[in-house]
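Just below is one structure, and these are the notes that go with it.
The values are calculated or read from the model by the stated rules, or taken from the named source; none is laboratory data. All values reported here derive from a predicted model rather than from experimental measurement. For neighbour counting, all protein chains shown are included, and Cβ atoms are generated from backbone atoms with ideal geometry for every residue, glycine included. Ligands, DNA and RNA are stripped out before the accessible areas are found, and what is left, the full protein with its side chains, is counted by its heavy atoms. Shrake-Rupley method; radii C 1.70, N 1.55, O 1.52, S 1.80 Å.
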Amino acid sequence: MSEDAGAGTGVPGSAATQDVRPVTLPHMRPGDAPAPPPCGGAQDPAVHHWPVDHLDGLSFDPLLHRLLREEPVALVRMRFGEGHAWLVTRYHLVKEVTSDARFSRALTVGRPVTGMTPHNVAPAQGIGRTDAPDHTRLRRLVAQAFNRRRTAALRADTERTAERLVDTMMRRGAPADLAEHVTGPLPEHVIGRLLGVPAADLGRLQEWRGVILSTDHTPAESSAVKADIAAYFRELAAHRLAHPEDDLFSELSAAQDRGELSRPELISLTVMIVLNALDQVRNQSTTMVYALLTHPGQLAALRADPGLLPSAVEELLRFIPQRNGVGMPRIATEDVRVGDVTIRAGDAVYVSYLAANRDPGVFEDPDRLDLTRDGAPNLAFGHGPHYCLGAALTRMQCLTILSTLLRKAPELRLAVPPEQVRWRRGSINRGPRTLPLAW
Ligand code: HEM
(Lines give C-alpha, C1' and ligand atoms only; values in the text may rest on other atoms or scores of the structure.)
Protein backbone atom coordinates (compact mmCIF):
# COMPACT_ATOMS: atom_id res chain seq x y z
CA MET A 1 0.00 0.00 0.00
CA SER A 2 1.44 3.34 -0.95
CA GLU A 3 1.79 6.28 1.40
CA ASP A 4 -1.50 8.09 1.92
CA ALA A 5 -3.33 5.61 -0.25
CA GLY A 6 -6.56 3.81 0.49
CA ALA A 7 -6.97 5.22 3.95
CA GLY A 8 -7.89 8.52 2.35
CA THR A 9 -6.10 11.78 2.75
CA GLY A 10 -9.34 13.41 3.71
CA VAL A 11 -9.97 15.20 0.44
CA PRO A 12 -13.59 14.72 -0.48
CA GLY A 13 -14.41 13.13 -3.77
CA SER A 14 -18.06 14.02 -4.04
CA ALA A 15 -20.41 16.61 -2.65
CA ALA A 16 -22.57 14.72 -0.19
CA THR A 17 -24.63 17.79 0.49
CA GLN A 18 -27.88 18.85 -1.06
CA ASP A 19 -29.23 22.30 -0.48
CA VAL A 20 -32.64 22.99 0.94
CA ARG A 21 -34.89 24.48 -1.69
CA PRO A 22 -35.01 24.52 -5.46
CA VAL A 23 -35.21 28.36 -5.80
CA THR A 24 -31.93 29.81 -7.13
CA LEU A 25 -31.08 33.50 -7.02
CA PRO A 26 -28.41 35.01 -9.32
CA HIS A 27 -25.62 35.07 -6.65
CA MET A 28 -26.19 31.47 -5.62
CA ARG A 29 -24.77 28.13 -6.56
CA PRO A 30 -27.32 25.84 -8.21
CA GLY A 31 -29.44 24.25 -5.53
CA ASP A 32 -28.67 26.78 -2.80
CA ALA A 33 -31.64 28.41 -1.12
CA PRO A 34 -32.23 31.87 0.36
CA ALA A 35 -32.18 32.03 4.13
CA PRO A 36 -35.56 32.37 5.78
CA PRO A 37 -35.90 34.50 8.94
CA PRO A 38 -35.20 34.63 11.89
CA CYS A 39 -31.45 34.40 11.25
CA GLY A 40 -30.97 37.76 9.61
CA GLY A 41 -32.18 39.94 6.81
CA ALA A 42 -32.38 40.07 3.02
CA GLN A 43 -28.61 40.14 2.53
CA ASP A 44 -28.07 36.71 4.11
CA PRO A 45 -26.39 34.05 2.00
CA ALA A 46 -27.93 30.77 0.90
CA VAL A 47 -28.60 28.06 3.48
CA HIS A 48 -26.74 24.79 2.96
CA HIS A 49 -28.65 21.70 3.91
CA TRP A 50 -26.16 19.59 5.83
CA PRO A 51 -27.38 16.02 6.30
CA VAL A 52 -24.10 15.14 8.09
CA ASP A 53 -23.62 11.82 6.38
CA HIS A 54 -21.68 9.20 8.27
CA LEU A 55 -18.18 9.03 6.93
CA ASP A 56 -15.78 6.13 7.17
CA GLY A 57 -12.03 5.98 7.60
CA LEU A 58 -10.23 9.29 7.53
CA SER A 59 -12.45 10.86 4.88
CA PHE A 60 -13.27 14.49 5.46
CA ASP A 61 -16.76 16.01 5.24
CA PRO A 62 -17.12 17.47 1.72
CA LEU A 63 -19.29 20.41 2.80
CA LEU A 64 -16.76 21.46 5.45
CA HIS A 65 -14.00 21.19 2.87
CA ARG A 66 -15.91 23.40 0.43
CA LEU A 67 -17.12 26.02 2.93
CA LEU A 68 -13.64 26.40 4.41
CA ARG A 69 -12.36 27.48 1.00
CA GLU A 70 -15.39 29.25 -0.46
CA GLU A 71 -17.61 30.52 2.33
CA PRO A 72 -15.90 30.61 5.74
CA VAL A 73 -18.99 32.02 7.46
CA ALA A 74 -21.98 30.18 6.00
CA LEU A 75 -25.56 29.34 6.91
CA VAL A 76 -26.46 25.67 7.47
CA ARG A 77 -29.48 23.62 8.36
CA MET A 78 -29.15 20.12 9.81
CA ARG A 79 -31.59 17.23 10.28
CA PHE A 80 -33.11 18.27 13.60
CA GLY A 81 -34.11 21.46 15.41
CA GLU A 82 -35.44 24.63 13.90
CA GLY A 83 -34.28 27.21 11.39
CA HIS A 84 -30.64 27.50 10.50
CA ALA A 85 -27.37 28.58 12.06
CA TRP A 86 -24.09 30.15 11.05
CA LEU A 87 -21.14 27.83 10.60
CA VAL A 88 -17.63 29.29 10.94
CA THR A 89 -14.84 27.16 9.48
CA ARG A 90 -11.64 29.21 9.09
CA TYR A 91 -8.94 28.84 11.80
CA HIS A 92 -8.59 32.50 12.82
CA LEU A 93 -12.34 33.14 12.68
CA VAL A 94 -13.00 30.03 14.80
CA LYS A 95 -10.56 31.36 17.40
CA GLU A 96 -12.23 34.76 17.24
CA VAL A 97 -15.74 33.42 17.84
CA THR A 98 -14.77 30.99 20.60
CA SER A 99 -12.90 33.60 22.62
CA ASP A 100 -15.55 36.33 22.23
CA ALA A 101 -17.88 36.62 25.26
CA ARG A 102 -20.57 38.09 22.98
CA PHE A 103 -21.28 34.50 21.88
CA SER A 104 -23.15 32.82 24.72
CA ARG A 105 -23.59 29.17 25.55
CA ALA A 106 -26.15 29.79 28.30
CA LEU A 107 -28.58 31.27 25.77
CA THR A 108 -28.75 27.94 23.91
CA VAL A 109 -30.79 26.48 26.79
CA GLY A 110 -34.38 26.12 25.60
CA ARG A 111 -33.48 27.07 22.01
CA PRO A 112 -34.12 24.27 19.50
CA VAL A 113 -31.16 25.30 17.34
CA THR A 114 -30.76 23.20 14.19
CA GLY A 115 -28.50 20.25 14.99
CA MET A 116 -27.56 16.70 14.10
CA THR A 117 -29.16 14.85 17.03
CA PRO A 118 -32.84 14.73 18.01
CA HIS A 119 -31.96 16.02 21.48
CA ASN A 120 -29.29 18.17 23.07
CA VAL A 121 -26.43 15.87 24.02
CA ALA A 122 -25.25 18.34 26.65
CA PRO A 123 -27.63 18.81 29.58
CA ALA A 124 -29.05 22.26 30.35
CA GLN A 125 -26.98 22.66 33.53
CA GLY A 126 -23.90 21.24 31.85
CA ILE A 127 -20.59 23.08 31.87
CA GLY A 128 -20.71 23.45 28.10
CA ARG A 129 -23.94 25.42 28.32
CA THR A 130 -22.94 28.01 30.89
CA ASP A 131 -21.18 31.37 30.62
CA ALA A 132 -19.00 33.24 33.12
CA PRO A 133 -19.26 33.56 36.08
CA ASP A 134 -21.00 30.15 36.49
CA HIS A 135 -18.73 28.60 33.90
CA THR A 136 -15.58 29.93 35.58
CA ARG A 137 -16.73 28.58 38.95
CA LEU A 138 -17.31 25.08 37.52
CA ARG A 139 -14.00 25.07 35.65
CA ARG A 140 -12.14 26.08 38.79
CA LEU A 141 -13.67 23.25 40.80
CA VAL A 142 -12.67 20.64 38.20
CA ALA A 143 -9.20 22.15 37.76
CA GLN A 144 -8.59 21.89 41.51
CA ALA A 145 -9.63 18.26 41.52
CA PHE A 146 -7.49 17.49 38.42
CA ASN A 147 -4.41 18.62 40.36
CA ARG A 148 -0.79 17.84 39.54
CA ARG A 149 -0.37 15.12 42.14
CA ARG A 150 -3.42 13.25 40.89
CA THR A 151 -2.39 13.57 37.24
CA ALA A 152 1.14 12.31 37.99
CA ALA A 153 -0.27 9.30 39.85
CA LEU A 154 -2.61 8.64 36.96
CA ARG A 155 0.23 8.76 34.44
CA ALA A 156 2.21 6.03 36.20
CA ASP A 157 -0.94 3.93 36.52
CA THR A 158 -1.82 4.48 32.83
CA GLU A 159 1.64 3.35 31.73
CA ARG A 160 1.46 0.20 33.83
CA THR A 161 -2.04 -0.60 32.63
CA ALA A 162 -1.21 -0.03 28.95
CA GLU A 163 1.80 -2.32 29.33
CA ARG A 164 -0.36 -5.04 30.88
CA LEU A 165 -3.14 -4.71 28.29
CA VAL A 166 -0.78 -4.85 25.32
CA ASP A 167 1.09 -7.84 26.81
CA THR A 168 -2.18 -9.70 27.34
CA MET A 169 -3.32 -8.96 23.80
CA MET A 170 -0.03 -10.19 22.37
CA ARG A 171 -0.01 -13.33 24.49
CA ARG A 172 -3.46 -14.26 23.18
CA GLY A 173 -2.07 -14.10 19.65
CA ALA A 174 -2.88 -12.37 16.37
CA PRO A 175 -5.23 -11.32 14.98
CA ALA A 176 -6.61 -9.32 17.88
CA ASP A 177 -8.90 -6.33 18.11
CA LEU A 178 -7.07 -3.31 19.52
CA ALA A 179 -10.31 -1.68 20.69
CA GLU A 180 -11.39 -4.73 22.64
CA HIS A 181 -8.02 -5.35 24.26
CA VAL A 182 -6.38 -1.95 24.70
CA THR A 183 -8.05 1.27 23.53
CA GLY A 184 -11.44 0.37 25.08
CA PRO A 185 -10.33 -0.91 28.50
CA LEU A 186 -7.56 1.66 29.10
CA PRO A 187 -9.78 4.79 29.19
CA GLU A 188 -12.36 2.83 31.20
CA HIS A 189 -9.72 2.03 33.78
CA VAL A 190 -8.34 5.59 33.81
CA ILE A 191 -11.68 7.35 34.20
CA GLY A 192 -12.78 4.78 36.76
CA ARG A 193 -9.69 5.62 38.81
CA LEU A 194 -9.94 9.37 38.31
CA LEU A 195 -13.61 9.69 39.13
CA GLY A 196 -13.91 6.80 41.53
CA VAL A 197 -16.61 4.93 39.59
CA PRO A 198 -16.54 1.27 40.70
CA ALA A 199 -15.26 -0.99 37.90
CA ALA A 200 -18.42 -3.12 38.11
CA ASP A 201 -20.54 -0.12 37.07
CA LEU A 202 -18.57 0.85 33.97
CA GLY A 203 -20.51 -1.54 31.71
CA ARG A 204 -23.75 0.23 32.59
CA LEU A 205 -22.19 3.61 31.83
CA GLN A 206 -21.01 2.27 28.47
CA GLU A 207 -24.58 1.25 27.57
CA TRP A 208 -25.91 4.69 28.50
CA ARG A 209 -23.11 6.33 26.56
CA GLY A 210 -24.18 4.40 23.44
CA VAL A 211 -27.70 5.83 23.60
CA ILE A 212 -26.76 9.41 24.45
CA LEU A 213 -24.18 9.77 21.70
CA SER A 214 -26.30 8.05 19.07
CA THR A 215 -27.87 10.15 16.32
CA ASP A 216 -30.69 7.63 15.74
CA HIS A 217 -32.81 7.41 18.86
CA THR A 218 -35.87 9.29 20.12
CA PRO A 219 -35.81 12.21 22.57
CA ALA A 220 -37.83 10.00 24.97
CA GLU A 221 -35.15 7.30 24.92
CA SER A 222 -32.44 9.84 25.59
CA SER A 223 -34.40 11.48 28.43
CA ALA A 224 -34.94 8.08 30.06
CA VAL A 225 -31.23 7.30 29.91
CA LYS A 226 -30.31 10.73 31.26
CA ALA A 227 -32.67 10.14 34.20
CA ASP A 228 -31.01 6.75 34.87
CA ILE A 229 -27.57 8.35 34.83
CA ALA A 230 -28.67 11.15 37.15
CA ALA A 231 -30.13 8.61 39.60
CA TYR A 232 -26.93 6.56 39.49
CA PHE A 233 -24.70 9.55 40.28
CA ARG A 234 -27.06 10.88 42.96
CA GLU A 235 -26.65 7.59 44.77
CA LEU A 236 -22.89 7.55 44.27
CA ALA A 237 -22.65 11.15 45.54
CA ALA A 238 -24.50 10.23 48.74
CA HIS A 239 -22.18 7.26 49.21
CA ARG A 240 -19.01 9.28 48.59
CA LEU A 241 -20.09 11.99 51.02
CA ALA A 242 -20.42 9.36 53.72
CA HIS A 243 -17.23 7.52 52.64
CA PRO A 244 -14.95 9.98 50.83
CA GLU A 245 -12.03 8.61 48.80
CA ASP A 246 -9.13 10.23 46.97
CA ASP A 247 -10.95 10.81 43.70
CA LEU A 248 -12.49 13.59 41.63
CA PHE A 249 -16.07 12.60 42.34
CA SER A 250 -15.56 12.59 46.13
CA GLU A 251 -14.05 16.06 45.84
CA LEU A 252 -16.85 17.40 43.65
CA SER A 253 -19.48 15.82 45.93
CA ALA A 254 -17.88 17.56 48.92
CA ALA A 255 -17.92 20.85 46.97
CA GLN A 256 -21.60 20.31 46.30
CA ASP A 257 -22.19 19.68 49.99
CA ARG A 258 -20.48 23.02 50.76
CA GLY A 259 -22.83 24.75 48.29
CA GLU A 260 -20.13 25.49 45.70
CA LEU A 261 -22.06 23.75 42.94
CA SER A 262 -25.62 22.54 42.64
CA ARG A 263 -26.69 18.89 42.48
CA PRO A 264 -27.73 19.14 38.78
CA GLU A 265 -24.38 20.81 38.00
CA LEU A 266 -22.50 18.00 39.75
CA ILE A 267 -24.41 15.34 37.83
CA SER A 268 -24.10 17.03 34.42
CA LEU A 269 -20.42 17.71 34.89
CA THR A 270 -19.75 14.11 35.83
CA VAL A 271 -21.82 12.75 32.95
CA MET A 272 -19.96 14.98 30.49
CA ILE A 273 -16.60 13.81 31.83
CA VAL A 274 -17.58 10.13 31.75
CA LEU A 275 -19.09 10.23 28.25
CA ASN A 276 -16.10 12.04 26.79
CA ALA A 277 -13.58 9.95 28.62
CA LEU A 278 -15.07 6.63 27.53
CA ASP A 279 -15.90 7.49 23.96
CA GLN A 280 -13.40 10.01 22.69
CA VAL A 281 -10.20 8.44 23.94
CA ARG A 282 -11.14 5.04 22.56
CA ASN A 283 -12.06 6.46 19.15
CA GLN A 284 -9.17 8.82 18.92
CA SER A 285 -6.45 6.40 19.95
CA THR A 286 -7.79 3.56 17.77
CA THR A 287 -7.98 5.90 14.77
CA MET A 288 -4.44 7.11 15.47
CA VAL A 289 -3.17 3.54 15.18
CA TYR A 290 -5.20 3.05 11.98
CA ALA A 291 -3.81 6.29 10.51
CA LEU A 292 -0.22 5.28 11.28
CA LEU A 293 -0.64 1.78 9.87
CA THR A 294 -2.14 3.15 6.64
CA HIS A 295 0.63 5.75 6.21
CA PRO A 296 3.68 3.49 6.25
CA GLY A 297 6.16 6.25 5.36
CA GLN A 298 5.03 8.26 8.38
CA LEU A 299 5.13 5.20 10.60
CA ALA A 300 8.68 4.43 9.46
CA ALA A 301 9.75 8.00 10.28
CA LEU A 302 8.28 7.65 13.76
CA ARG A 303 9.97 4.31 14.33
CA ALA A 304 13.29 5.80 13.21
CA ASP A 305 12.90 8.71 15.63
CA PRO A 306 10.67 7.93 18.65
CA GLY A 307 11.41 11.47 19.88
CA LEU A 308 8.84 12.53 17.27
CA LEU A 309 6.03 10.98 19.29
CA PRO A 310 4.69 14.12 21.04
CA SER A 311 4.54 16.05 17.77
CA ALA A 312 3.11 12.98 16.02
CA VAL A 313 0.25 12.91 18.52
CA GLU A 314 -0.43 16.60 17.83
CA GLU A 315 -0.42 16.05 14.07
CA LEU A 316 -2.75 13.06 14.42
CA LEU A 317 -5.08 15.17 16.56
CA ARG A 318 -5.07 17.83 13.84
CA PHE A 319 -5.56 15.41 10.97
CA ILE A 320 -8.12 12.90 12.26
CA PRO A 321 -11.74 13.94 11.69
CA GLN A 322 -12.85 12.48 15.01
CA ARG A 323 -16.49 13.49 14.90
CA ASN A 324 -19.44 13.91 12.57
CA GLY A 325 -20.90 17.37 12.17
CA VAL A 326 -20.22 20.09 14.73
CA GLY A 327 -20.34 20.49 18.51
CA MET A 328 -22.49 22.85 20.53
CA PRO A 329 -23.72 26.15 19.15
CA ARG A 330 -23.42 29.61 20.67
CA ILE A 331 -25.91 32.51 20.49
CA ALA A 332 -24.82 36.06 19.60
CA THR A 333 -25.80 38.53 22.33
CA GLU A 334 -25.32 41.49 19.99
CA ASP A 335 -24.50 42.13 16.33
CA VAL A 336 -20.96 40.91 15.69
CA ARG A 337 -18.91 41.15 12.51
CA VAL A 338 -17.20 37.82 11.73
CA GLY A 339 -15.12 37.85 8.56
CA ASP A 340 -17.30 39.47 5.89
CA VAL A 341 -20.59 38.72 7.62
CA THR A 342 -22.58 40.48 10.33
CA ILE A 343 -24.01 37.93 12.72
CA ARG A 344 -27.12 39.43 14.30
CA ALA A 345 -28.02 39.39 18.00
CA GLY A 346 -29.95 36.17 18.65
CA ASP A 347 -28.44 34.23 15.74
CA ALA A 348 -27.07 30.75 16.45
CA VAL A 349 -23.42 30.10 15.53
CA TYR A 350 -21.43 26.89 15.23
CA VAL A 351 -17.69 26.64 14.75
CA SER A 352 -15.97 23.64 13.19
CA TYR A 353 -12.68 22.81 14.88
CA LEU A 354 -12.27 20.01 12.35
CA ALA A 355 -12.40 22.45 9.45
CA ALA A 356 -10.12 24.93 11.23
CA ASN A 357 -7.54 22.14 11.57
CA ARG A 358 -7.50 21.80 7.77
CA ASP A 359 -7.28 25.53 6.99
CA PRO A 360 -4.89 25.89 4.03
CA GLY A 361 -4.13 29.46 5.14
CA VAL A 362 -2.60 28.08 8.36
CA PHE A 363 -1.42 24.54 7.57
CA GLU A 364 0.57 23.91 4.41
CA ASP A 365 -0.91 21.05 2.39
CA PRO A 366 -3.49 20.58 5.16
CA ASP A 367 -4.99 17.30 3.91
CA ARG A 368 -1.64 15.52 4.23
CA LEU A 369 -0.58 13.71 7.38
CA ASP A 370 2.93 14.94 8.20
CA LEU A 371 4.28 13.92 11.59
CA THR A 372 7.17 16.35 11.33
CA ARG A 373 4.84 19.33 10.92
CA ASP A 374 5.81 22.13 13.24
CA GLY A 375 3.50 25.10 13.11
CA ALA A 376 0.29 26.51 14.51
CA PRO A 377 -1.29 24.53 17.34
CA ASN A 378 -4.24 22.36 16.35
CA LEU A 379 -7.74 23.13 17.62
CA ALA A 380 -8.81 19.52 18.20
CA PHE A 381 -9.64 20.29 21.84
CA GLY A 382 -11.33 23.57 21.06
CA HIS A 383 -10.31 27.08 22.00
CA GLY A 384 -11.19 29.79 24.51
CA PRO A 385 -12.94 29.38 27.86
CA HIS A 386 -14.62 26.09 26.88
CA TYR A 387 -11.30 24.46 25.91
CA CYS A 388 -11.51 20.72 26.62
CA LEU A 389 -10.94 19.81 30.24
CA GLY A 390 -9.72 16.37 29.26
CA ALA A 391 -7.04 17.48 26.78
CA ALA A 392 -4.04 16.59 28.97
CA LEU A 393 -5.58 13.28 29.99
CA THR A 394 -6.32 12.38 26.37
CA ARG A 395 -2.85 13.34 25.14
CA MET A 396 -1.28 11.30 27.93
CA GLN A 397 -3.33 8.19 27.11
CA CYS A 398 -2.82 8.42 23.33
CA LEU A 399 0.91 8.91 23.76
CA THR A 400 1.14 5.97 26.16
CA ILE A 401 -0.83 3.67 23.85
CA LEU A 402 1.27 4.56 20.79
CA SER A 403 4.61 4.33 22.55
CA THR A 404 3.73 1.00 24.18
CA LEU A 405 2.60 -0.51 20.87
CA LEU A 406 5.59 0.79 18.92
CA ARG A 407 8.01 -0.53 21.49
CA LYS A 408 6.45 -3.96 21.96
CA ALA A 409 5.36 -4.70 18.39
CA PRO A 410 7.98 -3.68 15.81
CA GLU A 411 6.04 -5.54 13.08
CA LEU A 412 2.63 -4.14 13.98
CA ARG A 413 0.19 -4.12 11.03
CA LEU A 414 -3.49 -4.31 10.14
CA ALA A 415 -4.74 -7.90 10.06
CA VAL A 416 -7.26 -7.03 7.31
CA PRO A 417 -7.07 -4.75 4.25
CA PRO A 418 -7.84 -1.12 5.31
CA GLU A 419 -11.12 -1.09 3.39
CA GLN A 420 -12.37 -4.00 5.51
CA VAL A 421 -12.06 -2.08 8.77
CA ARG A 422 -15.59 -1.41 10.03
CA TRP A 423 -16.42 2.08 11.23
CA ARG A 424 -18.99 3.30 13.68
CA ARG A 425 -22.32 4.51 12.34
CA GLY A 426 -25.15 6.48 13.89
CA SER A 427 -23.00 8.26 16.45
CA ILE A 428 -21.62 11.75 16.85
CA ASN A 429 -18.09 10.48 17.31
CA ARG A 430 -16.20 8.64 14.59
CA GLY A 431 -13.80 5.73 14.95
CA PRO A 432 -13.27 2.08 14.01
CA ARG A 433 -15.73 -0.38 15.54
CA THR A 434 -12.92 -2.87 15.69
CA LEU A 435 -9.29 -2.70 14.61
CA PRO A 436 -7.89 -6.19 13.89
CA LEU A 437 -4.11 -6.19 14.27
CA ALA A 438 -1.27 -8.60 13.67
CA TRP A 439 2.41 -8.28 14.72
C1 HEM B 1 -9.96 12.83 21.70
C2 HEM B 1 -10.47 13.22 22.82
C3 HEM B 1 -11.20 14.51 23.02
C4 HEM B 1 -11.49 15.51 22.14
C5 HEM B 1 -11.12 15.60 20.66
C6 HEM B 1 -12.20 16.54 22.88
C7 HEM B 1 -12.64 17.72 22.34
C8 HEM B 1 -13.37 18.66 23.01
C9 HEM B 1 -13.90 19.85 22.43
C10 HEM B 1 -13.74 20.26 20.95
C11 HEM B 1 -14.57 20.53 23.41
C12 HEM B 1 -15.44 21.75 23.27
C13 HEM B 1 -14.85 23.05 23.04
C14 HEM B 1 -15.97 24.06 22.93
O15 HEM B 1 -17.04 23.89 23.56
O16 HEM B 1 -15.81 25.03 22.20
C17 HEM B 1 -14.44 19.76 24.61
C18 HEM B 1 -14.98 20.14 25.82
C19 HEM B 1 -14.93 19.36 26.92
N20 HEM B 1 -14.27 18.17 27.08
FE21 HEM B 1 -13.23 17.20 25.66
N22 HEM B 1 -12.35 16.12 24.17
C23 HEM B 1 -11.75 14.91 24.31
C24 HEM B 1 -11.64 14.16 25.46
C25 HEM B 1 -12.14 14.54 26.67
C26 HEM B 1 -11.99 13.78 27.89
C27 HEM B 1 -11.18 12.51 28.04
C28 HEM B 1 -12.65 14.47 28.86
C29 HEM B 1 -12.82 14.15 30.32
C30 HEM B 1 -12.00 13.49 31.05
C31 HEM B 1 -13.24 15.65 28.26
C32 HEM B 1 -14.00 16.56 28.91
C33 HEM B 1 -14.49 17.72 28.35
C34 HEM B 1 -15.32 18.68 29.07
C35 HEM B 1 -15.79 18.56 30.51
C36 HEM B 1 -15.59 19.72 28.17
C37 HEM B 1 -16.42 20.97 28.45
C38 HEM B 1 -15.52 22.12 28.83
C39 HEM B 1 -16.27 23.42 28.97
O40 HEM B 1 -17.35 23.59 28.39
O41 HEM B 1 -15.74 24.30 29.67
N42 HEM B 1 -12.90 15.66 26.93
N43 HEM B 1 -13.70 18.64 24.36
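Which residue is farthest from Ile267 (Cα to Cα), if the candidates are limited to the stretch 216-225 and must be touching a residue at least 12 places away in the same chain (Cβ under 8 Å) and either open to solvent by less than 60 Å² (accessible area, probe 1.4 Å) or aliphatic (A, V, I, L, M) (or both)?
Taking the stretch 216-225 and keeping what is touching a residue at least 12 places away in the same chain (Cβ under 8 Å), we get 216-219, 222-223, 225.
After this cut, where a residue has to be either open to solvent by less than 60 Å² (accessible area, probe 1.4 Å) or aliphatic (A, V, I, L, M) (or both) as well, the list is 217, 222, 225.
Numbers: His217: 22, Ser222: 16, Val225: 13 Å.
The extreme case among them is His217.
If Ala291 satisfies every condition in (1) more than 30 Å from Ala124 (Cβ to Cβ); (2) in contact with an Asp or Glu (Cβ under 9 Å, 6 or more places away or on another chain) but one, which is the exception?
Only one criterion is unmet by Ala291, namely (2).
Could you list, in sequence order, the residues of the stretch 285-331 that are under 23 Å from Glu188 (Cβ atoms) and open to solvent by 10 Å² or more (accessible area, probe 1.4 Å)?
The answer is Gln322, Arg323.
I'd like to know if the stretch 418-439 contains one or more residues that are among the hydrophobic types (A, V, I, L, M, F, W, C), part of a strand (DSSP E or B), open to solvent by 10 Å² or more (accessible area, probe 1.4 Å) and in contact (Cβ under 8 Å) with a residue 24 or more places away in the chain.
Step one: filter the stretch 418-439 for residues among the hydrophobic types (A, V, I, L, M, F, W, C), giving 421, 423, 428, 435, 437-439.
Right, trim to part of a strand (DSSP E or B) and you get 423, 437-438.
Within this subset, residues satisfying the condition of being open to solvent by 10 Å² or more (accessible area, probe 1.4 Å) are 423, 438.
Now narrow it down to the ones that are in contact (Cβ under 8 Å) with a residue 24 or more places away in the chain: 423, 438.
Looking for residues that are among the hydrophobic types (A, V, I, L, M, F, W, C), part of a strand (DSSP E or B), open to solvent by 10 Å² or more (accessible area, probe 1.4 Å) and in contact (Cβ under 8 Å) with a residue 24 or more places away in the chain, one finds at least one in the stretch 418-439, hence yes.
Which of the residues belonging to the stretch 85-98 are open to solvent by less than 10 Å² (accessible area, probe 1.4 Å) and not aromatic (Phe, Trp, Tyr)? First the steps, then the outcome.
Here is the first cut: in the stretch 85-98, the ones open to solvent by less than 10 Å² (accessible area, probe 1.4 Å) are 85-89, 91, 94, 97-98.
Result: Ala85, Leu87, Val88, Thr89, Val94, Val97, Thr98.
Only residues in the stretch 228-241 that are free of Cβ contacts under 8 Å to residues at least 12 places away in the same chain count as the first member; pair them with residues that are loosely packed, with under 14 Cβ neighbours inside 10 Å and in a helix (DSSP H, G or I), Cβ under 7 angstrom, at least 6 apart or cross-chain, and list the lot.
Listed by first residue and then by second, the contacts come to nothing, as the list is empty.
Condition (residue is within 16 Å of the ligand (Cβ to nearest atom), buried (at least 18 other Cβ atoms within 10 Å of the Cβ), part of a loop (DSSP other than H, G, I, E, B) and among the polar types (S, T, N, Q)) applied to the stretch 394-407: is it met by at least one residue?
no
What residue, of Ile273, Ile191, is closer than 30 Å to Ala312 by Cα, open to solvent by 20 Å² or more (accessible area, probe 1.4 Å) and of a type in the set (A, V, I, L, M, F, W, C)? Step through it out loud before you land on a result.
Working: Ile191 fails: open to solvent by 20 Å² or more (accessible area, probe 1.4 Å).
Sole residue among the options that is closer than 30 Å to Ala312 by Cα, open to solvent by 20 Å² or more (accessible area, probe 1.4 Å) and of a type in the set (A, V, I, L, M, F, W, C): Ile273.
Assess whether Ser262 counts as being open to solvent by 10 Å² or more (accessible area, probe 1.4 Å) and of a type in the set (Gly, Ala, Ser). Spell out the reasoning first.
On the way: open to solvent by 10 Å² or more (accessible area, probe 1.4 Å): yes; of a type in the set (Gly, Ala, Ser): yes.
For Ser262, the condition - open to solvent by 10 Å² or more (accessible area, probe 1.4 Å) and of a type in the set (Gly, Ala, Ser) - is met.
Residue-by-condition table, conditions (1) touching a helix residue (DSSP H, G or I) at 6+ places or on another chain (Cβ under 6 Å); (2) within 13 Å of Val274 (Cβ to Cβ); (3) not hydrophobic (A, V, I, L, M, F, W, C):
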{"position": "Asp177", "(1), (2), (3)": "no, no, yes"}
{"position": "Leu202", "(1), (2), (3)": "yes, yes, no"}
{"position": "Ala220", "(1), (2), (3)": "no, no, no"}
{"position": "Leu236", "(1), (2), (3)": "no, yes, no"}
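Ala231 - would you say it is among the hydrophobic types (A, V, I, L, M, F, W, C) and modelled with pLDDT of 90 or more?
Numbers: among the hydrophobic types (A, V, I, L, M, F, W, C): yes; modelled with pLDDT of 90 or more: no.
When the stated conditions are applied, Ala231 does not pass them.
Can you tell me which residue is farthest from Arg139 (Cα to Cα) among those in the stretch 359-393 that are modelled with pLDDT of 95 or more and not in a loop (DSSP other than H, G, I, E, B)?
Gly384
For the stretch 333-383, give me the residue count where each residue is open to solvent by 30 Å² or more (accessible area, probe 1.4 Å), under 15 Å from Phe103 (Cα atoms) and within 16 Å of the ligand (Cβ to nearest atom).
1
What tally of residues in the stretch 140-174 results from selecting those that are out of contact with any helix residue (DSSP H, G or I) (no Cβ under 7 Å at 6 or more places or on another chain), closer than 30 Å to Pro410 by Cβ and part of a helix (DSSP H, G or I)?
Residues that pass the stated criteria total 7.
Any idea which of (1) over 16 Å from Ala143 (Cα atoms); (2) in contact (Cβ under 8 Å) with a residue 60 or more places away in the chain; (3) of a type in the set (Val, Ile, Thr); (4) open to solvent by 20 Å² or more (accessible area, probe 1.4 Å) is the one Val211 doesn't satisfy?
(2)
Can you tell me how many residues in the stretch 95-139 are assigned to a loop (DSSP other than H, G, I, E, B) and within 11 Å of the ligand (Cβ to nearest atom)? If you could, list the steps in order and put the result at the bottom.
Taking the stretch 95-139 as the starting set, the residues that turn out to be assigned to a loop (DSSP other than H, G, I, E, B) are 99-102, 105, 109-112, 114, 116-126, 130-133.
Next cut, within 11 Å of the ligand (Cβ to nearest atom) only: 99, 105, 122, 126, 130-132.
The number of residues fulfilling the criteria is 7.
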